[in-house]
1. List the number of the failed condition for THR273; all other conditions in (1) modelled with pLDDT of 95 or more; (2) loosely packed, with under 14 Cβ neighbours inside 10 Å; (3) within 9 Å of the ligand (Cβ to nearest atom) hold.
2. Going residue by residue through segment 19-28, is there one that turns out to be more than 20 Å from TRP130 (Cα to Cα), at pLDDT below 95 and in a helix (DSSP H, G or I)?
3. When LYS159 is evaluated against the numbered criteria (1) away from the ligand (no atom under 11 Å from the Cβ); (2) in the same structural domain as TYR288 (by TED's automatic domain parsing); (3) of a type in the set (Lys, Arg), which criterion, by number, is the only one it fails?
4. Could you pull out the residue among ASP281, ASP302 that is farther than 24 Å from ALA194 by Cβ and acidic (Asp, Glu)?
5. Could you please find all residues in segment 265-276 being in contact (Cβ under 8 Å) with a residue 12 or more places away in the chain, under 22 Å from LEU184 (Cβ atoms) and assigned to a loop (DSSP other than H, G, I, E, B)?
6. Name every residue in segment 367-379 that is in contact with a Leu (Cβ under 6 Å, 6 or more places away or on another chain) and hydrophobic (A, V, I, L, M, F, W, C), in order of residue number.
7. LYS246 passes all but one of (1) within 14 Å of the ligand (Cβ to nearest atom); (2) open to solvent by 50 Å² or more (accessible area, probe 1.4 Å); (3) not aromatic (Phe, Trp, Tyr); which number fails?
8. Which of the numbered conditions does PHE314 fail, given that it passes all the others? Conditions: (1) within 16 Å of the ligand (Cβ to nearest atom); (2) open to solvent by 60 Å² or more (accessible area, probe 1.4 Å); (3) modelled with pLDDT under 95.
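The values are calculated or read from the model by the stated rules, or taken from the named source; none is laboratory data. Note that the coordinates shown come from a computational prediction; the quantities given were computed from them, not determined experimentally. Ideal geometry is used to build each Cβ from the backbone, glycine not excepted, and the neighbour counts take in all protein chains shown. With ligands, DNA and RNA removed, areas are computed over all heavy atoms of the protein, side chains included. Shrake-Rupley method; radii C 1.70, N 1.55, O 1.52, S 1.80 Å.
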Amino acid sequence: MENEIDVIIKSGYEKEYSDGYPLVSKESIVDVSGIDEEGLVLNLYDAKKKFIVKAYHGNQNKGFGWILSTDKEEQIDKDFFKQKIVAAIEYRKEYYDATDTTAFRVFNGEGDGVGGLTIDYFDGYYLLTWYSLGIYEFREYILEALKDVIECKGIYQKKRFDAKGKYLDAKDDFLFGVKAPEPLIVKENGVKFAIYLDDGAMVGVFLDQRDVRKNIRDTYAKGKTVLNTFSYTGAFSLFAMMGDAKKTTSVDLAKRSLPKTSEMFEINSIDATTQEIVVEDVFKYFKYAVRKKLLFDIVVLDPPSFARSKKHTFSATKDYKNLLKEAILITTKGGIIVASTNASNVSMMRFREFIKKAFQELNVRFEVLESYSLPKDFKVNPSYKEGDYLKVVFIKKL
Ligand code: SAH
């Protein structure tokens, strides 16, 4: 095939790749000069010309491509992607069958055998997210394969790859079928979410926190005051109120968070004016809360791995401990901090260290009640620990 090339990898990498590590690094390749186009299929050989695996080239963060097959003869065509999608759908059967949850992940990149691509389901609509130009080059195959396998109302896409340092932002999110209403109302464990499939990079909810939201609603919220920081569209606040919390305060820097959070409450018949929705830097809000001697029974911390605001740069690796300290100061004794991070370079062990240090430095005792990682639909490749990025810990302040 014309867009397939043979590539020699350096010694020392054969085992990793043949054992199933799915991400191809640039460093592992002897000579990258011939790999001049994303979307090329690479047949990786060791120095003795023994075939190791088949991959595609796509630049995604620090990765150079993803492994697709251990079979030298495998054709990377529509049928290839169809098989992967069929298996992925089979694995999510219980989600398709459920009636109180109508939003979930159908295809989770390397967890389902094709890194760089995710597919989410929102009540009859499918959203494809492309993480590199390389995988985007296979879009015809993938789209046709998906259409063969599923019935849907419509298909949307997001292109999350760099073009000279900027996300390609062409207005071509809608791909097929009929357009979704705006908002599209989906359900998660019986709670409604307002989804916008054609409104920028984010659609309104992060599906990976589903189990955490349910736990807050079912186990912790009743009668409590809740501070939800980095609240985005207020999904944690909404679930707290659905679990009969006393009141929620949602804090996010982005102006859009105010109307979006109000809308989330309103579509669930909660009067948004009874809730606090604050558009502000959370670090400023913490200072304000200390000054006003505000205390909350539950504080949710769900920052991005990295964020820059006017006054602050936040990086999970460097600053999470201090973020926790700010939260501890405004949590009631006996109260709960829900600490979450999606930083793939922070392991659960390291995250637990941040927690321990934060409490120790303030001389406050604590107890870890439970922890969460990705839900089942966010299938993880066991050889690729970085893909298991979500860590959520429920901590009781003693
Ligand atoms: N917890 C949310 C998702 C958070 S997404 C949920 O469950 O849906 C990260 C959010 O952090 C974004 O909405 C962004 O606007 C906000 N953000 C980033 N830096 C911030 C800061 N310094 N203060 C307040 N919000 C911030």
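1. Every condition holds for THR273 apart from (3).
2. There is no residue in segment 19-28 that is more than 20 Å from TRP130 (Cα to Cα), at pLDDT below 95 and in a helix (DSSP H, G or I).
3. Condition (2) is where LYS159 drops out.
4. On the way: ASP302 fails: farther than 24 Å from ALA194 by Cβ.
ASP281 is the lone residue from the list that is farther than 24 Å from ALA194 by Cβ and acidic (Asp, Glu).
5. Taking segment 265-276 as the starting set, the residues that turn out to be in contact (Cβ under 8 Å) with a residue 12 or more places away in the chain are 265, 267-268, 270, 274-276.
In the following step, the residues that additionally are under 22 Å from LEU184 (Cβ atoms) were identified as 265, 267-268, 270.
Selection gives ASN268, ILE270.
6. LEU374 - this is the single residue of segment 367-379 that is in contact with a Leu (Cβ under 6 Å, 6 or more places away or on another chain) and hydrophobic (A, V, I, L, M, F, W, C).
7. The failed condition is (1).
8. Among (1) within 16 Å of the ligand (Cβ to nearest atom); (2) open to solvent by 60 Å² or more (accessible area, probe 1.4 Å); (3) modelled with pLDDT under 95, PHE314 violates only (2).
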